[in-house]
Structures are given as structure tokens and as C-alpha cells.
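Structure, as C-alpha cells:
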Amino acid sequence: MRIRVLFIACLLFLPTFSIATELGSVTERVEETESSGLRDELSEGFEYSMRFLTFGTCQKVADSSQNPNNDFFQIPRYSTELEIRPDLRLTFRRLDLSVKPRMNLEWNAWEDGVREGDTDWDDDWFINEWLARLQMTENLFVSYGRENLQWGPSYLFSPSNPFFRDNGRSNPKREVPGMDFARLVWLPGMSWTISFIANLDEGRQEFRFYEFDKIYALKLDYTGQEAYTTMILSHQESDRNRLGAFGGWTATDALLIYGEGTISRGTNALYPKNADNPFGASMVAVDDEDSSLKGTILAGGSYTLEVGPTLTVEYAYNSPGYSDDQAKAYYQLRQAAADAYTLSAPMGDLSRLTLSRTADPKLRFLRQNYVMFQYQHNNIQDVLNLTFRWTQNLDDSSGQFIYIVEYFVGDHAQLFSIGSINSGSGDTEFGTILDYQWMIGLEYTF
Amino acid sequence: MNFKFQVSSFKLMALLVMVVSGIAFHTKPLIADISPKKILSMADEARGNVEGIEWEIKIESIENGRKQFRTLKIKARDFNSLAEFLLPPKVKGRKLLMIDRNMWFIKPGLRKPVPISPRQKLMGGASNGDIASTNYAGDYEATSVSEDTVNEELCYLLDLIASNKKVTYDRIRYWISKERLVGVKSEFFTVSGKMLKSATFEYGNSILIQGKPKPFVSKMVITDAIVKSNVTTMNYSKVKLKKIPDSTFNLNLLVR
């Protein structure tokens, strides 16, 4: 309720502030006072934007053991959403304040599983991001707020980021939910930045199968004339230390080469292990105490053709990912759990517990070798953006095709369509959740 | 007699020397006394390469009959610049950060900065590299310097070849006004010798550098080499020198 009041207050505040800003310039001519000077300073430092998004989504659930008869994930067949996204920001002297309240109205319809034939309306009022930042000295900044901290050059995913799994690249119209961070940023020079980052609360992120643990990170950035590099040392409470890094090089005016990765001693990822239970196995963090180095590394490059399009290729090696034998055991366990899903307790409960572990085994990708190709052509005739991306799992031969089409209509509106088509059987990574998803919508910006 | 002749000859010689030296001192040399690099660096200065400056650009493009516009605010220092999209509303809030040759594009709602190449198109005939401060003095070598006129203005014509692979254009023919030492026209070529586009420049703005007023670019008109009706016009306004701190160009602080 409080969020709704705050959201409405923000919306009301927008036009009021705009009118006050315009009136302010008239009043100034009449009387020069200190308060008008302050008002001018405030109005100059105030920025806002308002976006309305409405879109419809159609998706077909995959026939897979992870989601038997769509009873586990209960994914709707159709949905429509309306989202209002005002972004407000005030820069006043050394203080920087921003807030991004959101209102989401959603309608869903199910055609599969226990909710077959169901429809549902839902509204959600929340603040996805907010930030209060104080400039202590010219080169020292301290902040606290709900943020979506993203970095790194790669499209496929960002292994160097210890906080967020989703880098927001697969669907740019869906905002990544923010988490709560305290940050201290020090700029010893133009080329160097040292940041201390504490992730203190899960914020809007949902940890469906596990509890949130605080993460602390030290980040060191260097930006040179034609290259940049960053190292991130992080520690997760009740877990381990990780070292992440990324870097990029502008090799020519058209060619970018980059890499990103992370390493740690052992891993908290879950693996199928023989167990004395009706399924004969369970998901266990077998390498939790292992001191050997485990890591994920991604190498990529992009080239912009003279006629406009940019071609990108990325390869990722994910050493904690499953080998063929582990994958076989994983899918066998998942199938056993799926077969018992509709049984009563205790088998039904064990099935749900097992499927929640197989759904999120704490791996960004399930297997070890991936390659991604992307064709991107923006600003075609200054109105059309196209992105086509193919991701191939080299170990189980499943793949995912993503397209993003954006078309500007006039100065305010954009039509968009975003979709994905997954190839592979139900016992492959990309064939597990959806066969396809198709979204079409309109974004209107004031 | 001989003596008289010698005296007359001496006078004649002296007169000749005076006339020649007088001409020499009162007309500009055909080819500049200053080096091509110096000419280029002075021309660069009038296109953004100064210690802390801010301006707005209104870009209007006509491409295959379709008109579009963008308004951007640029904050620049040396070869670093931050371009913020102000208008139209559909692109408001987008940012383009250029730290020397590194470039990132930031979209509101998509928090992850995307590294991009200078070659990527910004709008119409303008590439990302076209709105950045120019560093022709550092990026190009003049293979020849000659003279030409542009709109009846006497110019140095410099044939520039890229000194590294990291620049947007492999070759530029650059006309620099002899009197004002600002670039007034350029032609951009690929490595195969194909002309991509041409541009003309106007300098209606003025900035103070070390207390002296210096011309600053006010208009750049880019014309496509193949489809001549595809024209992109960049109007520069609200130019002001100001201190631009390091934090302006910092990705950790920029994405909000």
C-alpha cells in the first residue's frame, strides 16, 4: 500500500514540478531572491522520463521432466502486461537522488497443467531501483540504494558479476530486479577506479530455491587508451571467495575483442550423486569443500561491417558444468522425480524438492561448452533495430534462437517484438523450459 | 667608371634584396612554415579537443527521403567525451561514453553498458566517432600538403593517411583554412580508395583559450558519397568551457 502511495505521489510530483519549473523562470524576473536561486538550482538538477509499456506474450511450454505437465513451473500460455515506468532523478550539489517506481498490471491465461483453463489478473506496485549518492570529495563517492549493477562486455552472460545471473541482454524490455547495495567508489585518477561494494539485501530479486547471502566485493577498474580491464574479488557469506575479471580491446575502429571470467576454489553447484532414496540419487554440492580451481571463461569479439551490421561471436567454457556422465545422471534423476510428482507425500514431497534442486543447481549454464553468434544492425533508416542471436550448447546439441526487433514510430513510440525458439529434446538444456516464446508490444516515452 | 658601375651594381643588388625580402615579409608563404601536425592540432582544437568543454548538437538527417533528428549534450575533455541523448523522447536518457578509443552505449532500462566500435552508425551519415573530439593530429600522417580554395577561401589541402588501424576512416582529404586554421571541408575514404562521405564545417561559435577567442565548430554537414540526397547536418550550440571532472567519464558512476 505504501508503495502505491509513493508511486502515485511520484506521478503527481512530475507535472507539478514541471509547472513549477516553468513558473520559476517567470517569477525570477519579478523578484530575485535566494529562494528562487535555490529553486533554479533544483529545477536544473531535476530530470525525469516516463515510459509506458504494453505487450502480449505467447509461449509454449516444453515437454520435459523438469516441468511435468507444466505443474511445477505453472507457466501461462498467454499473458498481457501494462507497465508504467517513471524514472526520476535529482542532482543537487554533492547529492544525487534517483528513484524508479513501477506499476505493473498483468493478465495471464493457462492452457496446461493444474491451472489449465485458469485466467488471472494481478497488479504489482514496487520500486525497482532507487539510489542516494553523496560526493564526499571530488573523487570519492558513497551511495546506498536498490540497484541493478551490471558490467562486462559479453552478451551471453556475465560470469565476472558475483551479484546478478541475468545480464538483461536476452530481453531488453524486461527490467532486471534490483538488489540493495552500499557502495564506496574512489577515483585515484582518470584511468583507475576502486570500488567497495556490499550487497546487503535481495531487494526485488527472488531466490526461489535458496536463501539470500550477503556478498562483499572489491572492484578495481583500469581504462587505457584503447583497452580496459577490471578485477573483482568477492566473498559471499557462508560460501567462498571468488575472483572475477573482464577486459576489452578496441583492436581497430570496427573490431572489438573481449573476455570475461571467474574462478574459485571448489563450487557450491549441485551434482547428481547416488543416494539411498527412492530415486537412487539426489542433488548434492559434492565439490563444496574441494580446493581445486573451478571457473568459467568467456572469449568474444565483434566486427562492424562498413554497411552497418555488427557480427559478434562468443565462446564460453564452464568448468563446473556437467560432463556427459553427470548430465545423464542428472536427467535420470529428474525423470524419476517427474514420474513421482503427482504421488502423495512423502514421494510427492521428495519429487518437488528434487525438481527445485534440478531447476537451479547453482550453475549459470548446465554444461561446459557454449558458442554464441549474433547479428545486430541498429539505426536502419534511423528507425529500425534488429538483433538475431543463436546460442549453441556444444555438449548436448541444444540451441536457442533469440530475435529482438524494434521499430520507431514518430518521436515517442516504439513497436517491438522479442522472441525465442529453443531446439533440443526435453532432456537437453535449452529444450527444458519452453519450446518458444513470442512477445509483441508498444513502448511510449514522454 | 668601374667604381661607379660597382657602386650602381651594389645599389641594384641591395634594392633587389630589399624588394624580394619585402615581398617575402608581406605575403604568406605558399606552404606553411608550421608543420602539418601543428596545423592539424589547431584544427582539432576547434572541433572539441580542449581541456573541458560542453556543447549541444542537434543532428538532422535525411536518409532516403526520411527525416529524423536527435539532440545530444556533449561533455568533452581531451579525447574523452560523454554524449547524452536529450531528444526526441524515444531516445532520451541514452548515453554514449567515449574514453579515447573505448566506447560504450547505455540505454535506460538496460543497465549493462554495451561496448561498441567507433564505426557503428550513430544516426544518418554520422558514425559514433563523428561526434567525438577529433584527434587527426595524433591519428593521421599528412602525405602531401598543397593549396586549394573552398568557397574562395585559401586552404591547405592535406592528404591524411591513418597512422593506425583504430580510426574510423583510412584516408581523409582535409581542407584547412590558411587564415583561420580550422577545417572547412573533408572527404572520407576507405582503404580501397572508395569515398564514403564528405563533410563541410562552419565555425560560428567562439571559445576562450588562454584568454584568446578561438573559433569553435557550429555546423557540420555530412553528405553521402553515393546517394547525394542523404545528408546529415549537425548544429553545435550552447558551447561553454567548463571543468569536466573525471567522474563524468566513469562507468561506475554513470549508469544510474
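Worth pointing out:
- Prolate/oblate/rounded call for segment A:301-446, Cα gyration tensor, a/c under 1.5 rounded: oblate
- Note on segment B:61-152: Kirkwood radius taken over Cα pairs, Stokes-Einstein applied at 10 °C and 1.306 mPa s, translational D equal to 105 µm² s⁻¹.
- The mean sequence separation of alpha-carbon pairs under 8 Å and at least six residues apart, normalised by the residue count of chain A, gives a relative contact order of 13 percent.
- Per residue of B:134-143, other chain Cβ atoms within 10 Å of the residue Cβ number 0 on average.
- Helix A:2-30 and the long axis of chain A differ in direction by around 20°, with both axes built from C-alpha atoms.
- Straightening the chain between residue A:384 and residue A:275 buys 33.8 nm, computed as 0.36 nm per residue apart minus the Cα-Cα spacing.
- Residue-wise HN-Hα coupling along segment B:102-107, computed from phi with Karplus coefficients 6.51, -1.76, 1.60 (Hz; x: Gly, Pro): 7, 9, 10, 10, 10, 10
- Alpha-carbon centroid distance for the pair segment A:354-370 / segment A:68-92, whole angstrom: 23 Å
- Set of aspartates and glutamates with alpha-carbon distance to residue A:294 below 15 Å, sequence-local pairs under 8 removed: A:239, A:260
- Note on residue A:38 and residue A:105: the extension gain reaches 20.3 nm, defined as 0.36 nm multiplied by sequence separation minus the Cα-Cα distance.
- Listed by chain and number, the aspartates and glutamates whose C-alpha is less than 13 Å from the C-alpha of residue B:194, apart from same-chain residues fewer than 8 away, are A:306, B:170, B:224.
- Spin-label model, residue A:80/residue A:352: points 7 Å from Cα along the beta carbon direction are separated by 3.3 nm.
- Exposure proxy order (Cβ contacts within 10 Å, fewest to most) of B:41, A:291: A:291, B:41
- Counting, for every residue in B:116-126, the Cβ atoms of other protein chains within 10 Å of its Cβ and taking the mean gives 6.
- The order of A:407, A:48, going from fewest to most other C-beta atoms within 10 Å of their C-beta, is A:407, A:48.
- Centroid-to-centroid, using Cα positions, segment B:71-143 and segment A:391-430 are 28 Å apart.
- Set B:219/B:243; A:100/B:67; B:75/B:219; A:219/B:107 screened for pairs whose C-alpha atoms are more than 26 Å apart: A:100/B:67
- Taking one quarter of the surface of the convex hull spanned by the alpha-carbon atoms of segment A:2-445 gives a direction-averaged projected area of 25.0 nm².
- Gain upon complete extension [residue A:208, residue A:192; 0.36 nm per residue less C-alpha separation]: 2.0 nm
- For a straight C-alpha distance cut-off of 17 angstrom, the aspartates and glutamates reachable from residue B:38 (same-chain residues fewer than eight places away being disregarded) are B:78, B:139, B:141, B:147, B:159, B:179.
- Cα lying deepest toward the dipole's positive end in chain A, options A:393, A:126, A:407, charges on Cβ: A:393
- Here segment B:212-254 and segment A:294-342 have alpha carbon centers that stand 43 Å from each other.
- Distance (nanometres) between label positions extended 7 Å along Cα→Cβ at residue A:235 and residue A:343: 4.5 nm
- Take each residue of peptide B:247-254, count the partner chain Cβ atoms within 10 Å of its Cβ, and average: the result is 6.
- Least to most buried among A:146, B:173 (fewest other Cβ within 10 Å first): B:173, A:146
- Helix A:347-359 and the longest principal axis of the Cα set of chain A meet at an angle near 50°.
- Cα-centre dipole for chain A with unit charges at Cβ (Lys and Arg positive, Asp and Glu negative), debye to 20: 620 debye
- Ranked packing of B:50-58, A:255-263, most packed first, by mean Cβ within 10 Å: A:255-263, B:50-58
- Note on residue A:438 and residue A:369: their simple-model spin labels are 3.4 nm apart, each label 7 Å out from Cα toward Cβ.
Every read-out reported here was derived from the displayed coordinates using simple, explicitly stated rules and does not represent laboratory data. Remember, it's a predicted structure, so these values are computed and weren't measured experimentally. Cβ sites come from the backbone with ideal geometry, for glycine too, and all protein chains shown count toward neighbours.
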